[in-house]
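To start, the structure under review is shown below, and the notes come after it.
The values are calculated or read from the model by the stated rules, or taken from the named source; none is laboratory data. No experiment lies behind these values; they were computed from the predicted model shown. With ideal geometry, Cβ positions are generated from the backbone for all residues, glycine too; neighbour counts draw on all protein chains shown. What goes into the accessible areas is simple: the full protein's heavy atoms, side chains included, and nothing from ligands, DNA or RNA. Shrake-Rupley method; radii C 1.70, N 1.55, O 1.52, S 1.80 Å.
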Amino acid sequence: MSNVYLVGAGCGEPDLLTIKGQKAIAKAGVLIYDWLANPSLLSYAKEGCEKIYVGKQAGKHTMRQEDINQLIVDKAMAGKTVVRLKGGDPYVFGRGGEEGEALAAAGIAFEVVPGITSVIGGLAYAGIPVTHRGMATSFHVITGHRQPSSDSLDYDIYAKLKGTLVFLMGIGNIENICSGLQKGGMDADAPAAVVHRASSPMQRTVVGTLGTLAHDAAENGITAPGLIVIGDVVTKRDALSFFEKKPLFGKKIIVTRARAQSSQLMERISELGGQSIEMPMIETRPIQAERLSAEIARLANYTYVIFTSENGVDIFFDALRKAGKDARALGKAKIAVIGKGTAKALEAHGIAADYMPWEFVGEALVDMLKNILKPDDKILIPRAGNARPYLVDTLKKIAPVTEIKIYETVRADADYSAVKAMLACGEIDYITFASSSTVENFVAEMGEKAQSKLGGAKLISIGPQTSQKIEEHGLCVYAQANEYTIDGILEVLKGDQ
Ligand code: SAH
């Protein structure tokens, strides 16, 4: 049985990794990866896995191939489970064969986990089928790396092939490739395209003809990595393009939520073709754990429990679990929530909320409960430390309320210089805010004259309080979600395209 894997990471989008590849990464004690492998795949590794970046960016080799081969062999010899993660497929211009040979020479068994190569997958994401009935009955994958002196004869041969030609590693040599093929007799009018960073949010496709492509690519600032494709199949793009038609394709969107809560929004942005950029402005910390556990011990006394955030739900159930209890401890108490996200978080614990107002603010919940609550009800509200007093103050006039501040949000502390630079250059399309505290901290982070440092990015707010906070600081709300949820924010983003 082998414990060394040469794994194809797929051509860009992280979900294009195979299941077998994911399983191998999860087992790895050492993960050796290149720049073309999507870095988010590293998150499948188990804790303590050693991750070694060996570069391979065009023109910027971090480690020589012989040294990479040796590294793989050494780690395997040391008894580690080694995953060598490579962009696309390991055997398509990936030098995976050489790594396999080095392992074989050292007597080490290994497995190859094929990956979706950019040759096929990358072109598909640009709407170009690598073959098509009646149009291309073969395809040819060629390195574009070599210099003209050594391969001018080859171009004569390539020019006579009837199928689709795909050049990898060819952007720096595109002029020679296009002129070489024309000299070899290929028609200057042949449809041709370049695809940069295929299947990533940075994907860019430039279409032209063999005669114009080198110029078109340069004019559009196309850099490596890119695929050069020549053949009639390029014309199928109009009908078959799907990725570039996604509603948020090409958009860069800053997510300011706490890191622990941003995954749902980030995932949806990426499904919609956008690129999300994390700029977590808050961190949540549980507080008053003892008070919470004391109230949990007395839970049977309460007739209502009100949750106002996902965080509150998570911390409450964590405390419940630590007390050796589960959802049944809530007994006959009615459960009210503010926010769909809160309701969903409760559902994960098997509880359907009894009351959820249409509008996700305290006022709406008070309206809903004021005629239902009786003076002998007892209400427990575990919630954020900096929540507005309105809900508690108003409900107290009807029935006794115990409020426990179970978490506080503090300003997250990190190096935001890269995001700030993107903002300053006008590269960011939207900034999303899902709470007033993220706004406060964002403004503090940006310093004076924040509006002038946003490079025209549009501010999207989750609801009225967040919008008010944005405006209080002299910033401009571009749009506010109709439904005060993360889905509401996504609807605004989709609707703006
Ligand atoms: N093993 C890889 C290819 C490695 S060679 C595969 O199967 O895809 C590196 C070249 O692949 C790059 O120079 C570029 O031409 C191409 N390439 C890889 N991923 C790409 C992507 N997402 N978009 C465009 N070209 C890509």
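Points worth noting:
- Candidate residues Met266, Met356, Met279, Met169: accessible-area rank, largest first, probe 1.4 Å: Met169, Met356, Met266, Met279
- Nearest 10 degrees, 0 to 90: helix 310-322 Cα axis against the chain principal axis: 70 degrees
- Net +/- balance of residues flanking Glu66 in space, Cβ distance below 13 Å, scoring K and R +1, D and E -1: -3
- Counting only protein heavy atoms and using a 1.4 Å probe, the accessible area of Glu408 comes to about 70 Å².
- Neighbourhood charge, 15 Å Cβ-Cβ cut-off, centred on Ser437 and excluding it, Lys, Arg +1 and Asp, Glu -1: +1
- Using C-alpha pairs under 8 Å with a sequence gap of at least 6, the mean separation divided by the residue count of the chain gives a relative contact order of 10 percent.
- Chain lengthening between Thr137 and Ala364 when straightened (0.36 nm per residue, less Cα-Cα): 75.3 nm
- Per residue accessible area of the range 1-86, 1.4 Å probe, in Å²: 48 Å²
- Hz values of 3J(HN,Hα) by residue in the range 16-30 - Karplus curve (6.51, -1.76, 1.60), Gly and Pro given as x: 7, 5, 7, 5, 5, x, 4, 4, 5, 4, 5, 8, 5, x, 9
- Residues in the range 294-403 average 50 Å² of solvent-accessible surface per residue, probe 1.4 Å, ligands and nucleic acids excluded.
- Taking N as the residue count of the chain, its C-alpha radius of gyration divided by 2.2 N^0.38 Å amounts to 1.21.
- When DSSP beta bridges are restricted to pairs lying wholly in the chain, around 30% turn out antiparallel.
- The range 68-169: GluC sites (Glu not before Pro) in DSSP loop, at most 13 other beta carbons within 10 Å: none
- Partners for Lys80 among lysines (Cα-Cα distance below 24 Å; same-chain residues under 8 apart left out): Lys20, Lys23, Lys27, Lys46, Lys51, Lys56
- Förster-model FRET efficiency, 30 Å R0, Ser293 and Tyr355, C-beta, rounded to 0.05: 0.70
- Pairwise Cα separations in the range 121-244 fall into 10 Å bins from 0 onward with the following percentages, short to long: 14, 51, 31, 4.
- Theoretical ellipticity at 222 nm over the chain - DSSP helices of four or more residues, -39500 (n - 2.57) apiece, nearest 500: -9000 deg cm²/dmol
- Split the accessible area of the range 285-410 by element, probe 1.4 Å, and carbon with sulfur accounts for 52%.
- GluC sites (Glu not before Pro) restricted to the range 421-497 and DSSP loop, no more than 15 other C-beta within 10 Å: Glu427, Glu448
- Rel. contact order, % - alpha carbon contacts under 8 angstrom, at least six apart, the range 4-113: 39 percent
- Of the beta bridges in the range 4-113, as assigned by DSSP with both residues counted there, near 10 percent are antiparallel.
- Remark: relative contact order (the range 285-410) = 32 percent; criterion is Cα-Cα distance under 8 angstrom and separation of 6 or more residues.
- Whichever lysines have a C-alpha closer than 29 Å to that of Lys397, once near sequence neighbours (fewer than 8 apart) are set aside: Lys332, Lys334, Lys340, Lys370, Lys374, Lys378, Lys405, Lys469
- When the solvent-accessible area of the range 4-113 is split by element, carbon and sulfur atoms take up 52 percent of it, the probe being 1.4 Å.
- Per residue, the range 121-244 exposes 45 Å² of accessible surface when a 1.4 Å probe is rolled over the protein heavy atoms with every protein chain present.
- P(r) histogram, all alpha-carbon pairs of the range 1-150 included - 5 Å bins from 0, percent: 2, 9, 18, 21, 19, 13, 8, 5, 3, 1, 0
- Net charge contributed by nearby residues that have their C-beta within less than 15 Å of Gly495 (K/R +1, D/E -1): 0
- Scaled radius of gyration (Cα, divided by 2.2 N^0.38 Å) that the range 368-497 gives: 1.31
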